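This report concerns only the one structure given below.
The values are calculated or read from the model by the stated rules, or taken from the named source; none is laboratory data. No experiment lies behind these values; they were computed from the predicted model shown. No Cβ is skipped: glycine too gets one built from the backbone with ideal geometry, and neighbour counts run over all protein chains shown.
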Amino acid sequence: MTPLVDRINPLTAIGVALLVDVVLLASVDVVTAAVAVLAELLLAPLSGIRPARLARRAVPLLAAAAVAGVTISLYGRTAGVVHLRWWLVVVSDGSLQLALATALRILAIGLPAAVLLAGMDATRLADALGSRLHLPARFVLAGLAAVRLVEVFGEDWRTIALARRARGVGDTGRLRRLPGQVFALLVVALRRAGLLATAMEARGLGAAERRTWSRPSPFGRLDVLALAAGLLVVALAVGIGLATGSYRVVLT
Amino acid sequence: MPAVVEARGWGWRHAGRRPWAVDGLDLEVAAGERVLLLGPSGSGKSTLLAALAGVLAEDQGESRGSLTLDGRQPRAVPGRAGLVLQDPQSQVILPRVGDDAAFGAENLGVPADEVRARVTAALAAVGLDVPLDTAATRLSGGRQQRLALAGVLAMRPDLVLLDEPTANLDPAGVLEVRDAVAGAVDATGATLIVVEHRVAVWAEVVDRVVVLGPGGALIADGDPAAVLEAQGRFLADRGVWVPGRSPAVRRAPLAPSAPILSTERLVVGRDRRGVLDVPDTALPAARLTALTGPNGVGKTTLALTLGGLLPPVGGRVLPAPALADGLRGGPWSWRSRELLGRVSVVFQSPQHQFLTGTVRDELAVGLRALRRTPAEVAARVDELLERLDLVRLAEANPFTLSGGQQRRLSVGSALAVPPRLLLLDEPTFGQDALTWAALVALLLEGVAEGSAAVAATHDPELVAVADGRVALERERAVLA
């Protein structure tokens, strides 16, 4: 069973993620960010993505939030009661609050992308860009080819690393030999890119004035629901932020 | 309407090259004819197909004379000709089978409903009976080639061009693709031009054989049997695989010897996921063993595991004392430098394992890792250069060599510190008959000097030369 989120039109997914992110990027307070994170966490299960997978996607976000939080709590602007002072490090009420707000903001901005965009199918996105936004076919298909190539490069890099062990030079000098390994990947990559380009041209790439996008890229009820969910997150976060008087906009 | 092809004094020179890849070619192919195009490496066969398919752009070189498809420039009639290339993996354009098959027809602007109907028909025509959302990258090589053919058929081409479509396939895959091509051409009546080194497979499907010489000179043209009779010797001497003229390395199989490595309830796979249960096998010392089995069965994974590059997912790899030479455990637990002189692995694509900027340095890598003296290194490298016929290219960058030279270099560098066990992944793949013979001679020299060689291969000629064979089957493997 495909998760519900994979049945949303990719353009809707991008739109909703953008909507939430633009609004939250504009605000810097704890309450707005906290409400947004809470609302997002409550809505995330509706995406149909298994919790374990969602957790894996959130790992980089959590790491970024933690790093930013710790750094700001140690070095952030000093205000209110000072809890700890050691060389350049000053932990104060002010720095702790800012740290919390920053960590929550990173989560609030990152979560929609983790839910809506991280698992997006490249082919469906290309279909939507081509048939709905009418972007130039060459541009869309080049993007699609790039996705395909990145997949292949990962495999190539692993093989090149194995080959180094086989040649007896895998124990030491990793850094010293890195340029050679990168060069090998580049050569292989160029060859692969050339082959893929030829394969695409051999199938008539750029032949017709107007390319057909044969797979429909529909908008439906699910898209309306996704949009509603995005609006709900934004409305709750900003509404509660304003109601509690804690809402603050960047640059003020 | 099947297409008519006409070349009049046609020539093509790739940008940045001095010699013409093809020059002064005169050739006519009638509507609906099926032509097998033969010739040694460098005779411009692929260039001709690329030009007919319209994938040679003006900025990629210069042309002279004329080459026409139904009297028009091939690039002016996109979609009239469809081209299937050699490497199955690199022709997968979209990840799902149905999407990939539709790609060509979509590019031609065929209406959406019609595209879907054509895809269904094309997949049926090549006998690819899988759900449309099957992952194309997971198909076997033979199925991927049939998928590429289906993608071309969905374009309804009047000229089908095949550039060594079966060179990378196992024997079953070769026949699969050949029969799919024959069936499809029968049904559509399209004109067909096939380039292949392996003549035997295609001779019965075509009704005309054309032989090009170096630079695209027309050497022979006519009925398959007659041309092969008259020109067989010429072709075989120039690397074409002519039936009955295989570059047979005559050799009596050696009797079995004591094992150098054995396996016990071994399960191989990647990322801790098993793909193949290997029945207990013993590999004989100083013998050539062929490791055979269908595409995707896990031959490469097994070779890499035996070579200590991947950890066993289950069971054990047990080196004989002669191989371990004082080390404990299996090859996976040994350090990279400890593998030298014990186990070497030659990868399927030589480019993956080049580490240095010159052929000379490439051969010296292992010797230097073992801290041999410069004099010792130089002596060994000079000897190898001589044997590999790479003396003139000693200072060249390995990436600039031809495919056959790269392959010899990668085998040579694996033999530089003679290993007791040499594992090779498809060592003869893509070789013409001449480079094939040079390579097999090199391998057999290594075996004669005491290395156990194990080659994962589809190549029936190589299997015929081997002393023994381990045949893998899906889900299990059988020692034959």
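When each of B:ASP100, B:ASP113 is tested for being under 19 Å from B:GLN144 (Cα atoms), out of contact with any strand residue (DSSP E or B) (no Cβ under 7 Å at 6 or more places or on another chain) and part of a helix (DSSP H, G or I), the lone residue that passes is B:ASP100.
State which residue is nearest to the chain's Cα centre (by Cα) when the search covers only segment B:349-395 and only residues that are more than 9 Å from chain A (Cβ to nearest Cβ) and closer than 18 Å to A:VAL188 by Cα. That would be B:PRO350. Apart from one condition, B:ARG118 fits all of (1) part of a loop (DSSP other than H, G, I, E, B); (2) touching a Lys or Arg at 6+ places or on another chain (Cβ under 9 Å); the exception is (1).
The number of residues in segment B:335-348 that are assigned to a helix (DSSP H, G or I), within 7 Å of chain A (Cβ to nearest Cβ) and not hydroxyl-bearing (Ser, Thr, Tyr) comes to 2. At least 1 residues being touching a helix residue (DSSP H, G or I) at 6+ places or on another chain (Cβ under 8 Å) and free of Cβ contacts under 8 Å to residues at least 60 places away in the same chain is the threshold, and among the helices (runs of 4 or more DSSP H) wholly inside segment A:1-96 those reaching it are A:51-75.
Restricting B:GLY142, B:GLY79 to those that are touching a residue at least 12 places away in the same chain (Cβ under 8 Å) and outside any helix (DSSP H, G or I) reduces the list to B:GLY79.
Where strands (runs of 3 or more DSSP E) fall wholly inside segment B:1-75, the ranges with 2 or more residues that are over 28 Å from the mean Cα position of the chain (by Cα) and closer than 24 Å to B:GLY239 by Cβ are B:5-14, B:22-29.
Listed here are the residues, each with its yes/no results for (1) facing chain A (nearest Cβ under 7 Å); (2) under 30 Å from A:PRO216 (Cβ atoms); (3) of a type in the set (A, V, I, L, M).
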| site | (1), (2), (3) |
| --- | --- |
| B:ALA57 | no, no, yes |
| B:ARG64 | no, no, no |
| B:PRO78 | yes, yes, no |
| B:GLY98 | no, yes, no |
| B:ALA102 | yes, yes, yes |
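Determine, yes or no, whether B:ALA437 is at pLDDT 90 or above and away from every other protein chain (no Cβ under 14 Å). No: the conditions fail for B:ALA437. Within segment A:3-31, the residues that satisfy the criterion of being within 13 Å of A:ARG248 (Cβ to Cβ) and crowded, with 17+ Cβ neighbours inside 10 Å are A:LEU24, A:SER27, A:VAL28, A:ASP29, A:VAL30, A:VAL31. A search for C-beta distances below 6 Å between a residue of segment B:448-475 that is at positive phi and any residue that is assigned to a loop (DSSP other than H, G, I, E, B), counting only pairs 6+ apart in sequence or on different chains, returns B:GLY450/B:ALA286. Return the residues of segment A:157-185 that are among the basic types (Lys, Arg) and assigned to a helix (DSSP H, G or I); say none if nothing qualifies. A:ARG158, A:ARG164, A:ARG165, A:ARG174, A:ARG176, A:ARG177 - these are the residues of segment A:157-185 that are among the basic types (Lys, Arg) and assigned to a helix (DSSP H, G or I).
Within segment B:14-55, restricting attention to residues that are under 21 Å from B:LEU159 (Cα atoms) and of a type in the set (S, T, N, Q), the residue that is nearest to the other protein chains (Cβ to nearest Cβ) is B:SER46.
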